[in-house]
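Structure first, commentary second.
Only the coordinates and a few stated rules stand behind these numbers; no lab work does. These figures come from a predicted structure and were not determined experimentally. Every residue, glycine as well, gets a Cβ built from its backbone with ideal geometry; the counts of neighbours run over all protein chains shown.
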Amino acid sequence: MEKRFDVVAMGELLIDFTADGLSQQGNRLFEACPGGAPCNVLAMLNKLGKKTAFLGKVGKDQFGIQLKKTLKELGIDTSHLLTDETVNTTLAFVHTLPDGDRDFTFYRNPGADMMLTEEEIDPELNANARIFHFGTLSMTHEGVRQATKKAIDIARENGLLISFDPNLRPPLWSFLELAREQMEYGFQFCDILKISDNEIQFVTGKEDYDEGIRCLQEKYRIPLILLTLGKDGSRAYYNDICVEHGGYRVKAIETTGAGDTFCGSALSYILEHDFYNMTKEQLRQMLAFSNAAAALITTRKGALCAMPEKEEIDRLMMGC
């Protein structure tokens, strides 16, 4: 049966405030950038010609209105983007560190994305997609956690590939053991795991990345694990195959959305190939393209509205 969407993603949709110099009075200025990891992934997929939909909730405020308008302009289906009447849209202030990495301060106690309930999950949405993508920020609190689990169950019942990015943000968890538990829940059901170097160390306690990945493979039998290594590139662990590809040298200004851009690019590649019979060369091509896309997003502020075009990615890969 023809599916209406290539990818449905669920989770947080928020405003990232990124530093933008100083005012004439010497006060720090911030740019309000639409963001949220799952929608960043969808934005990259849309750039690559895929059909996407988002499942989540924003507040009935100026930021919620801005976010819904932005998703529509990007071509992401918003028919299941709900509005909370009483709780404001989540905000995040991004603090860029000297090495280009970043730290976050969240205004989410509560935030509208946390208010999505199990009863608000429409089974028809997930049944109409090829891939379901989620992270752990929709699992930080009980109500939205149950909504996420219901969405995962529907995806499994309908035979979707399930993509999971833990996207660990320690300040949003009441205690880190709960974050580990929810990451492990996601590992049980995903077919595609995108995980960063610091996350694999956090969840397995292993300093050696390969050793940490082996622990996950042995315990959860995840078909494809994509490990991102920042500027050093990425690795793909697919059944018994391991492929690595280096990063691309660019003048980075911040890393917000790099992992999401990588993830969206990889999912796009997977949609165009036979997930169950991928070759070593295909995995290498997927990593090369995804690394280049992720590198480009680090050269601009924000992520959701700044995704690179395929032609830009191809030029970087060719060294042009």
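Only counting other Cβ atoms within 10 Å, I'd like LEU67, LEU283 sorted with the fewest neighbours first.
Lowest count first: LEU283, LEU67.
Take the eigenvalues of the Cα gyration tensor for the chain, scale each by 5, and report the square roots as semi-axes in whole Å, largest first.
One finds semi-axes of 27, 24, 20 Å for the chain.
Pick from THR86, THR52, THR228: which is most flexible by mean-square fluctuation in a GNM of the chain where alpha carbon atoms under 10 Å apart are linked?
Among THR86, THR52, THR228, the largest mean-square fluctuation in the Gaussian network model of the chain belongs to THR86.
Per the Kirkwood treatment, what hydrodynamic radius in Å, one decimal, follows for segment 152-204 from the mean inverse distance over all distinct Cα pairs?
For segment 152-204, inverting the mean 1/r across all distinct Cα pairs yields 11.9 Å.
Between ILE241 and THR86, what length comes free when the chain is fully extended (0.36 nm per residue of separation minus the Cα-Cα distance, one decimal in nm)? Working shown, then result.
Numbers: separation 155, 0.36 × 155 = 55.80 nm, distance 4.95 nm.
Difference between extended and current length: 50.9 nm.
Equivalent-ellipsoid semi-axes (√(5λ), Cα gyration tensor) for segment 81-145, whole Å, largest first?
Output for segment 81-145: semi-axes of 27, 17, 10 Å.
Going by the alpha-carbon gyration tensor, a ≥ b ≥ c the square roots of its eigenvalues, is segment 169-268 rounded (a/c under 1.5) or, if a/c is not under 1.5, prolate (a/b greater than b/c) versus oblate?
Oblate.
For segment 65-202, build the convex hull from the C-alpha positions and give me its volume per residue in Å³.
Per-residue hull volume (Cα only) is 135 Å³.
Give me the Kirkwood hydrodynamic radius of segment 10-85 in Å, from all C-alpha pairs, to one decimal place? The partial results should precede the final answer.
Details: mean 1/r = 0.0752 Å⁻¹.
It works out to 13.3 Å.
Relative contact order of the chain, please, whole-number percent, based on alpha carbon pairs below 8 angstrom and at least 6 residues apart.
Averaging sequence separation for qualifying contacts and normalising by length gives 17 percent for the chain.
Based on the Cα gyration tensor of segment 250-320, what are the three equivalent ellipsoid semi-axes, each the root of five times an eigenvalue, rounded to whole Å and given largest first?
After diagonalising the Cα gyration tensor, the semi-axes are 22, 13, 9 Å.
If you build a Gaussian network model of the chain, linking Cα atoms that sit under 10 Å apart, which residue out of ILE213, ILE270, ILE65 swings the most?
ILE65
For a Förster distance of 51 Å, can you work out the FRET efficiency between the beta-carbons of LEU29 and GLU124, rounded to the nearest 0.05?
The formula returns an efficiency of 0.70 here.
For the chain, what is the mean residue ellipticity at 222 nm derived from helices alone (per DSSP H run of n ≥ 4: -39500 (n - 2.57); sum divided by total residues; nearest 500 deg cm²/dmol)?
That calculation yields -11500 deg cm²/dmol at 222 nm.
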